[in-house]
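The values are calculated or read from the model by the stated rules, or taken from the named source; none is laboratory data. Nothing here was measured: the structure is a model prediction, and the numbers come from that model. Here Cβ is always computed from backbone atoms with ideal geometry, including for glycine, and neighbour counts include all displayed protein chains. Only protein heavy atoms, including side chains, enter the accessible area calculation; ligands, DNA and RNA are left aside. Shrake-Rupley method; radii C 1.70, N 1.55, O 1.52, S 1.80 Å.
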Amino acid sequence: MSELRRHWTPTAVAFLVLAVAGLVGTWTFNVFAIVQMRDFIGDLVSGGPAVSSITVDLMVVAIAGSIFIIVEGRRLGMRFAGLYIVLSGVTAFAFTFPLFLAMRQRRLTARRSSPDSPA
């Protein structure tokens, strides 16, 4: 049994729980759309299970991305990494997450080019 628990960090467990929540949450609404014989694409502009499915989808991705920002920001010593999450409330996560990834890449490149830092 200990072999099954090996390498499962709290972060890995959180991502796994979010994966299950994403699957169950989105497919619950997808099944509603199928059972009700809804026009999934048409419902995107008028409401219905399609909108709920996409809402759950985006919410789970935003939570997983926020966890990644916090964990990776700490690991790389990026100051104010949590600010990307806060800014997503007034802009959009579709903006702040790629912005964080760009700043992360800059940090990784700087660490590699620094003569006194480990690779």
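List the residues whose amide H sits under 5 Å from the amide H of M78, counting only those 5 or more places along or on another chain, with H placed 1.01 Å from N in the peptide plane.
For M78, whose amide H was placed from the backbone, there are no distant partners under 5 Å.
For a quick check, take a GNM of the chain with Cα springs below 10 Å and name the residue from F100, F29, F80 with the largest mean-square fluctuation.
Among F100, F29, F80, the largest mean-square fluctuation in the Gaussian network model of the chain belongs to F80.
Cα-based Rg of the chain per 2.2 N^0.38 Å, rounded to two decimals?
This ratio for the chain stands at 1.39.
So how compact is segment 1-60: Cα radius of gyration and Dmax in angstrom?
15.8, 50
Report the net charge of residues surrounding F68, where surrounding means a beta-carbon distance below 12 angstrom and charges are Lys +1, Arg +1, Asp -1, Glu -1.
+2
Can you work out the PRE-style zone for D57? Point 7 Å along Cα to Cβ, and I want the residues of segment 9-32 with backbone N under 17 Å.
Within reach of a label on D57: 19-32.
In square angstrom, what is the accessible area per residue of segment 4-110 with a 1.4 angstrom probe?
Ligands and nucleic acids excluded, the figure is 67 Å² per residue.
Just to verify a number: FRET efficiency for W27 and R107, C-beta to C-beta distance, R0 = 35 Å, to 0.05?
Calculated transfer efficiency: 0.40.
Kindly list the residues of segment 70-93 that lie in the label zone of T9, defined by a backbone N under 12 Å from the point 7 Å along the Cα-to-C-beta vector.
Within reach of a label on T9: 70-76.
Return the calculated 222 nm mean residue ellipticity for the chain, to the nearest 500 deg cm²/dmol, obtained by summing -39500 (n - 2.57) across DSSP H runs with n ≥ 4 and dividing by the residue count.
After summing the helix terms and dividing by residue count, I get -26000 deg cm²/dmol.
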